[in-house]
1. Rounded to two decimals, what ratio of Rg to Rh does segment 7-89 give with C-alpha atoms and a Kirkwood Rh?
2. Per-residue HN-Hα couplings for segment 96-109, Karplus 6.51 cos²θ - 1.76 cosθ + 1.60 at θ = phi - 60°, whole Hz, x for Gly and Pro?
3. Gain in length, L107 to F218, computed as 0.36 nm per residue apart minus the alpha-carbon separation, to one decimal in nm?
4. For helix 71-80, report the angle its Cα long axis makes with the longest principal axis of the Cα atoms of the chain; keep it between 0 and 90° and round to the nearest 10°.
5. Considering only DSSP beta bridges with both partners in the chain, what is the antiparallel share in %, to the nearest 5?
6. Let me see the P(r) profile for segment 44-176: every Cα-Cα distance counted, bins of 5 Å, each bin given as a percent of all pairs.
7. Check cross-link reach from K67 to the lysines: straight Cα distance under 20 Å, and skip same-chain residues fewer than eight apart.
8. Which trypsin sites (Lys or Arg not before Pro) in segment 152-200 pass both tests, a DSSP loop state and at most 11 other beta-carbon atoms within 10 Å?
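The values are calculated or read from the model by the stated rules, or taken from the named source; none is laboratory data. Small disclaimer: the values here were computed from a predicted structure and weren't measured. All Cβ positions, glycine included, derive from the backbone under ideal geometry; neighbour counts span all protein chains shown. Heads up: the accessible areas ignore ligands, DNA and RNA and are worked out on the full protein's heavy atoms, side chains in. Shrake-Rupley method; radii C 1.70, N 1.55, O 1.52, S 1.80 Å.
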Amino acid sequence: MDLSIVIPVYNEESRIKPFLRDLEDTIRRMPDYEIIFVNDGSKDSTMSILNDFSKKQREVKIISYKKNRGKGYAVRKGVLSSNGKKIIFIDADGSTKPQEIFQMLTLLDSYDVVVGDRTQYESSVDQPVLRQITGKLFNFYANLIFGINVKDNLCGFKGFQREVAKILFRNMISERWIFDVEIFYKIRKNNYSLRQMSIKWNHKEGTKIKPFDPFKMFLQLFFLRIKLMKK
């Protein structure tokens, strides 16, 4: 199988339908793929929407569990159950259009890891000013204490060669938002080739990140760094 598309979902009933329509248009042009939805303990009608989608599409797998475990756990679950030669995960809110997958697939022919980067001048980004500021502070702090030199740690659009993905997500410590930083740390530690890719990205209302979550994440990054030093 050429490609696995991993999509973590949590209470996305209000945002996922337009994304699924775009995804449907995209996969029509793909000859060999699988889609893995990971339902991270949704309490709304997300699961019902996914079931309806899976009835219309081939090669769709749904992993679901009752307790919300976090985005990092959900992505890890999907990656480790995937079979594609290339593995891409993308957020279900529609901020990044599934059509961007084609560009990422091409770049994955030359790199171990390719990640969306909203900071590149070629990128087209529509994002509230406060989110931009907190994002820049987060990236500065993450780069400082992890030495990873990544401009956009939290973009929910990343792709990997299969063997690389399995190594990066195996024994992952982080289960929630900061898992991306742990992945970048492991990429640097293992000397994998990394390409940061310009993308089109539009802010969607209904984010799961609360106003004070970025400050909690700063503390979580500090403790994650300590744990990784002990490994």
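1. With Rg and the Kirkwood Rh in hand, the quotient comes to 0.94.
2. Per-residue couplings from phi come out as 9, 6, x, 4, 5, 4, 4, 5, 5, 4, 4, 5, 5, 5 Hz.
3. Length gained, L107 through F218: 36.8 nm.
4. It works out to around 60 degrees.
5. Bridges in the chain are about 25 percent antiparallel.
6. 2, 8, 14, 21, 22, 17, 11, 4, 1, 0
7. Output for K67: K43, K77, K208, K210.
8. Here the sparse-neighbourhood loop sites are R170.
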